[in-house]
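The values are calculated or read from the model by the stated rules, or taken from the named source; none is laboratory data. Keep in mind the model is a prediction, meaning the values are calculated, not measured. Using ideal geometry, Cβ is built from the backbone for each residue, glycine included, and neighbour counts are taken over all protein chains shown. For accessibility, only protein heavy atoms count, side chains too; no ligands or nucleic acids. Shrake-Rupley method; radii C 1.70, N 1.55, O 1.52, S 1.80 Å.
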Amino acid sequence: MGDYREVQAGSKPFKRAYIAVMLWFVGRAIQAAARVDKAVREEFEKLPEGFTFSLGVQPHGPYMIVGKNQKGRVKYLGWKPESKVVDLRMAIKNIEAALLLFTFQESTAISICRDRIDFDGDLPPALTVIRAIGIVEVYLLPKLISKLAIKRYPVWSFGRKYLGRIRIYFHSILGY
Amino acid sequence: MRIQDYYEFIARVRIVSGHDVLEKIPDELKKIGATKPLIVTDKGVSGVGLVDVLKNALGEKITIAKIVDDVPQDSDIRIVQRLAKEYREVGCDCLIALGGGSVLDTAKGINIMVSEGVNDLMKFTGKGVVKKALKPLIAIPTTAGTGSEMTQAAVIEDHEKKLKKLFVSPFISPDIAVLDSRMTLTLPTAITAATAMDAMAHAVEAYTCLGKNPMSDTCALTAIKLIRENLLTVMKSPDDKNGRLALANAATLAGMAFSNSLPGVVHSLGHSVGSVCGVPHGVCMAILLPYGLEYNLHKNEQLTAELLLPLGGEEEFVKTPKHLRAERTIYFIRKLNQDLHDVSDHRHARFFKEVLDREGKRMVPRERLPEIAQAALGDGTVIYNPEDLDLDDFLMIIEASWEGVPLDRSRIKKG
Ligand SMILES: [Fe+2]
């Protein structure tokens with residue numbers, strides 16, 4: 001992958017780098033979870049073929065883009081939204097707001113309630129994506145932390161939670 | 001009492017409230033330098049003679065440029081476009097919206113078009129797209145419920161393309177809301193009950209959902225108190241002018257509350273019952289409100305308990321032990337529905353099974369409940385609800401509210 005994460009110089013590079021890594025990992029984990037987890041797969045099945053969404057920080061990024069290809073596979077599509085047609089844009093208003101969200105000081109719902117995220121696109125798919133991200137957070141994070149990110153910590157079987165977690169980490173790191 | 005780390009609140013509407021305040025409108029228009037209003041209303045409103053009351057009140061002082069009374073039940077893009085054209089042709093310089101939610105949405109839509117000088121309203125869909133002050137808009141609500149006179153949003157439908165578009169901006173809200181008791185005096189009791197319960201739902205959800213803040217709380221509590229003190233008396237004596245005015249004020253206060261603290265599950269499901277089966281919004285709100293409180297109870301015990309004071313009164317609040325207050329609040333909402341059912345000759349429905357159309361047919365067939373639950377998943381208000389909801393949760397609530405049985409608390413997933 002000739003790609004590397006570009007960090008805008010001069011403006012809070014460490015915060016930006018942290019968010020960039022988080023977005024990159026969440027993006028790949030969504031791709032992995034769509035293969036591994038039935039609930040995430042079903043959420044994405046509701047979206048039309050070719051549906052693409054981005055999540056990022058205004059005004060200079062970082063971003064992540066995830067989309068469904070023609071075969072219905074969910075793919076992490078990188079971090080450059082400029083070159084892509086995006087159906088749903090979710091843009092956190094500034095880097096501080098992104099930090100509140102990605103350090104789990106604010107749940108996704110509270111962030112939205114406080115009007116920290118701009119949505120550009122239809123609402124039902126946005127809610128679908130938010131639900132999918134919620135499930136991914138349960139996989140990626142220890143209970144103590146993911147409880148801060150979502151409203152209700154789910155009751156999952158041992159297999160779904162722990163084996164699923166291992167598989168999702170494995171796929172996310174290897175990127176397939 | 002815990003204060004939120006962060007919130008925003010806006011209420012930029014001037015309110016004129018009283019028994020004969022339509023007469024103030026010419027002066028109000030003068031203050032803002034407008035002289036030729038387009039009056040937007042619907043056939044129902046003009047049919048009961050409210051347009052004449054307004055015309056008499058305006059008297060000779062201002063020239064009404066035009067009156068249009070063909071706004072449909074649901075706002076429609078084509079009507080908005082046509083009326084914007086008429087506004088321009090007649091050379092109006094302000095708008096008076098006389099009616100309920102749909103009339104007001106239509107007027108807001110017209111206002112965007114004529115102020116921005118465009119022929120395509122859909123350019124302005126979404127949040128914050130309207131960025132400048134619009135033409136003066138005066139809202140005169142003829143139902144005490146929707147609270148749209150206070151909101152910064154308009155919903156305009158494109159029935160041909162089956163789209164429902166939302167417009168949100170602080171500039172969209174009316175400049176003046178005129179609450180005149182004469183405007184709701186003739187409202188049939190069943191509609192009075194349903195619309196008041198819509199206002200009740202706005203207040204209760206604003207107080208118990210995630211966007212709550214001290215400003216919206218204050219509005220919500222007063223709104224609930226006014227409804228409790230006046231709704232049943234107005235149902236029994238519909239000519240009670242003071243009671244009518246109190247309900248109109250409650251609806252406006254509740255509107256101020258919920259436009260700054262958006263509602264949750266009661267509205268998510270209510271919207272989808274409305275769109276799938278066409279049940280009037282207020283009817284859905286009355287039925288669903290106790291269920292919303294029940295569902296969220298484990299997250300909201302304290303807040304729900306606090307509602308007992310405005311809902312049950314001081315004596316009730318004091319005599320109920322602390323740990324029973326939340327349950328008592330839910331009981332009072334159910335009791336209010338039952339009382340409304342009794343005083344309305346059973347026309348106020350307590351559960352969806354009971355909702356009938358004009359021919360006496362069931363409006364919500366049981367087999368459509370899964371479709372309703374599915375639609376609710378795509379409603380934006382889900383975000384503001386304190387507890388999460390998946391398809392099964394929505395289905396559980398809609399099934400119980402159809403049947404008229406309390407929620408099976410053991411089935412509520414608590415995480
Ligand atoms: Fe409502």
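Here are the numbers:
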| quantity | calculated |
| --- | --- |
| Matching residues, the stretch B:131-153, being open to solvent by 30 Å² or more (accessible area, probe 1.4 Å) and in contact with a His (Cβ under 9 Å, 6 or more places away or on another chain) | B:THR146 |
| Any hit, the stretch A:129-136, residues being surrounded by 19 or more Cβ atoms within 10 Å (Cβ to Cβ), within 8 Å of chain B (Cβ to nearest Cβ) and more than 25 Å from A:THR52 (Cβ to Cβ) | no |
| Whichever residue in the stretch B:131-171 is within 16 Å of the ligand (Cβ to nearest atom) and at pLDDT below 90 and, among such residues, is nearest to the other protein chains (Cβ to nearest Cβ) | B:LEU166 |
| Filter result for B:SER216 (within 14 Å of another protein chain (Cβ to nearest Cβ) and either open to solvent by less than 20 Å² (accessible area, probe 1.4 Å) or within 16 Å of the ligand (Cβ to nearest atom) (or both)) | yes |
| Of all residues in the stretch B:99-130 being more than 17 Å from B:ASP158 (Cβ to Cβ) and within 14 Å of chain A (Cβ to nearest Cβ), the one that is least open to solvent (accessible area, probe 1.4 Å) | B:GLY128 |
| Leading residue by the ranking (farthest from the other protein chains (Cβ to nearest Cβ)) among those in the stretch A:138-174 that are under 21 Å from A:LYS68 (Cβ atoms) and open to solvent by 30 Å² or more (accessible area, probe 1.4 Å) | A:LEU174 |
| Hey, B:SER17 surrounded by fewer than 23 Cβ atoms within 10 Å (Cβ to Cβ), modelled with pLDDT of 95 or more and in contact with a helix residue (DSSP H, G or I) (Cβ under 9 Å, 6 or more places away or on another chain) or not | yes |
| Residue count, the stretch A:114-128 (criterion: more than 8 Å from chain B (Cβ to nearest Cβ) and surrounded by fewer than 17 Cβ atoms within 10 Å (Cβ to Cβ)) | 1 |
| Members of the stretch B:39-98 that are among the small types (Gly, Ala, Ser), over 27 Å from the mean Cα position of the chain (by Cα) and surrounded by fewer than 13 Cβ atoms within 10 Å (Cβ to Cβ) | B:GLY59, B:GLY91 |
| Counted residues, the stretch B:190-234 - those being among the hydroxyl-bearing types (Ser, Thr, Tyr) and closer than 14 Å to B:MET285 by Cα | 2 |
| Counted residues, the stretch B:219-264 - those being assigned to a helix (DSSP H, G or I) and in contact (Cβ under 8 Å) with a residue 24 or more places away in the chain | 31 |
| Residue within the stretch B:173-182 that is in a strand (DSSP E or B) and either basic (Lys, Arg) or within 16 Å of the ligand (Cβ to nearest atom) (or both) present | no |
| Residue within the stretch B:241-259 that is in the same structural domain as B:PRO365 (by TED's automatic domain parsing), open to solvent by 10 Å² or more (accessible area, probe 1.4 Å) and closer than 27 Å to B:ILE372 by Cβ present | yes |
| Residue check for A:ALA132: in a helix (DSSP H, G or I) and in contact with a strand residue (DSSP E or B) (Cβ under 8 Å, 6 or more places away or on another chain) | no |
